[in-house]
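To start, the structure under review is shown below, and the notes come after it.
Rule-based calculations on the coordinates, nothing more; no lab input. It should be emphasised that the depicted structure is a prediction, and the values quoted were computed from it without experimental measurement. Cβ coordinates were reconstructed from backbone atoms using ideal geometry, including for glycine residues, and neighbour counts include every protein chain displayed.
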Amino acid sequence: MDTWAEVRRLHRSEGLPIKEIARRLDLARNTVRAALRAEGPPSRERPPRGSVADAYEPAIRAVLVQFPRMPATVIAERIEWPYSITPLKRKLRAIRPEYVGLDPADRLSFSPGEVGQLDLWQPDYEVPVGFGQQRKLWVLAMTLGYSRMTDTVVLPGRLGGDLMSGMWLMMARLGRVPRRLVWDRESAIAGGGKPTTLAATFFGTLGVTPTIAPRKDPEFKGMIERSNRFFETSFLPGRMFGSQWDLDEQLVGWLGKANQRVMRRLHGRPVDFFDADRAAMLSLPPLAPAVGLTHRIRLGRDYYVRLDSNDYSVDPRFIGRFVDAHASLTEVTVRVDGQLIARHERCWAARQTITDPDHVTTAARLRAHYQAVARRPSARHHLDGHPVQLRALSDYDAMFGVSFDPPHQPDTTDQEGTPS
């Protein structure tokens, strides 16, 4: 390119003959003549060469007509492909769209306060959660459509109650609610393509419109998908976590910096657009939505309730009563008619038994009282303390005319005492 330009400059500007230009630039005279005749700079592009796959193209197309999505390895077997798989894959990339079609992804723009996209991300790291256990935890992430601001909450699992707890915690921190929330077909949110009863109740309480992404269309919520990839490449590498709370704390600290980076799509930082985004959102509902795990059960003699594979003790004085257990992300409470009868820290490990020592003490006292009353021969006491008279079984036998005396047997011995 530079030599071509210099040849034309010397000839047109300085008027040098071809022989002198060739001598100065150490070129052949024909090369100088060709440069002067050319209308444009020389091109380095080579003409397309043929491929070994060209001869197999009719056979490839015959397979694609019936099976447009057949993998390249299977097609190679069908057409008896003798070469490396790479030329066949290049040919398939060129002609497969004619049979499968193309699925373009549009670029969308959102107005302030319009949308928040949500998704679950699971770090490929086992976090200590107590009781000698380690688990891969879930992170609920939300990215706002207008400002691209991102927030996260670490969750113990993918149960619906925990997802609602995470969403409500993010809305409470935000202080406002986006007008539309976008989810994929997460089983606890919209496994069948429409919101579950629990999710619909949550969205209805917030007064927002749920939008469920089409099946197999990750581009529909591309912002949050890119956020998840950003977590994988920029947050996770080289980090270690001592607990679930350590993971959450490190995420919050890292997002404080990540939300201040300049984004090409915005021509600015998310924090610069956040105030306008938040101001256009809906206000929080006057009544908080029902979130968390719930379980209603009649308390048995084994005075424990099970939530998310763990057993939590309950005051044994309420054995036989219906109790309502509720688990948030941090604690478990049990109530009877609104009265709090048990409180525990939420256990993120699996298959554990969480016991309050006071409940064990109460159970021992009740058991000792019950056994003392049961040993009394004449009377027992009801739970409220009044005596209950006990009747002998023979009284009931006489009442119904039942006799258990052995029948009379005739005497079969003689006078001398020997059997006859």
### Query
What length, rounded to one decimal in nm, is gained on full extension from Ser234 through to Glu98, with 0.36 nm per residue of separation minus their alpha-carbon distance?
45.2 nm
### Query
If you average the sequence gap of Cα pairs under 8 Å that are 6 or more apart and divide by the length of the chain, what percent do you get for the contact order?
11 percent
### Summary
Ranked on Cβ counts within 10 Å of their own Cβ, fewest leading, Asp106, Asp277 go Asp106, Asp277
### Task
Among Leu16, Gly130, Thr353, pick out the residue whose Cα is farthest towards the positive end of the charge dipole of the chain, where Lys and Arg carry +1 and Asp and Glu carry -1 on C-beta, about the Cα centre.
Leu16
### Message
Can you match Rg and Dmax of the Cα atoms in Å to one of these, (i) 25.9, 88; (ii) 30.2, 94; (iii) 40.2, 169, based on a calculation from the structure here?
### Response
(iii)
### Peptides 155-165, 232-242, 71-81, 339-349 ordered by average Cβ neighbours within 10 Å, highest first
155-165, 339-349, 71-81, 232-242
### Query
In what sequence do Phe322, Phe230 fall when counting other Cβ within 10 Å, fewest first?
Phe322, Phe230
### Over region 125-228, equivalent-ellipsoid semi-axes from the Cα gyration tensor in Å
23, 16, 16
### FRET efficiency, 1/(1 + (r/R0)^6) with R0 56 Å, evaluated for Gln122 and Thr31 via beta carbons
0.35
### Task
Compute the length gained on full extension between Arg176 and Glu77: take 0.36 nm times their separation in residues and subtract their Cα-Cα distance, giving the result in nm to one decimal.
29.9 nm
### Query
Once fully extended, how much extra length lies between Ala55 and Leu282, figured as 0.36 nm per residue of separation less the alpha-carbon to alpha-carbon distance?
75.5 nm
### Summary
So for R0 = 22 Å, FRET eff. of Thr330-Arg158 from the Cβ-Cβ r, to 0.05, ends up at 0.80
### Task
First select every other residue whose beta carbon is under 9 angstrom from the beta carbon of Asp308; then total the charges, Lys and Arg +1, Asp and Glu -1.
+1
### Per-residue [θ]222 nm for the chain (sum of -39500 (n - 2.57) over DSSP H runs n ≥ 4, rounded to 500)
-10500 deg cm²/dmol
### Message
Positive end of the dipole of the chain, charges at C-beta (+1 Lys, Arg; -1 Asp, Glu), about the Cα centre: which of Ser328, Gly116, Tyr146 has its Cα farthest in that direction?
### Response
Tyr146
### Query
Can you tell which of Ala72, Ala34, Tyr56 lies farthest toward the positive end of the dipole of region 19-97, using +1 and -1 charges on the Cβ of basic and acidic side chains (Lys, Arg; Asp, Glu)?
Ala34
### Summary
Computed about the Cα centre, the charge dipole of the chain from +1 Lys/Arg and -1 Asp/Glu charges at the Cβ has a magnitude in debye, to the nearest 20, of 3060 debye
### Sites Thr353 and Thr201 - FRET efficiency at Förster radius 25 Å, r taken between beta-carbons, to 0.05
0.20
### Task
Return the sequence-ordered ³J(HN,Hα) values of region 60-74 in whole Hz as given by the Karplus equation 6.51 cos²θ - 1.76 cosθ + 1.60 applied to θ = phi - 60°, using x for Gly and Pro.
5, 5, 4, 6, 5, 4, 8, 10, x, 9, 4, x, 4, 5, 6
### Query
Could the peptides 114-125, 327-338, 32-43 be put in order, highest first, of the mean number of other beta-carbon atoms found within 10 Å of their residues?
114-125, 327-338, 32-43
### Message
Sort 203-211, 249-257 by the packing proxy (mean of other Cβ within 10 Å over each peptide's residues), most packed first.
### Response
203-211, 249-257
### For region 115-283, size of Cβ-based charge dipole, Lys and Arg +1, Asp and Glu -1, in debye
480 debye
### Task
Normalising by the residue count of region 54-100, find the relative contact order in percent from Cα pairs under 8 Å and 6+ residues apart.
46 percent
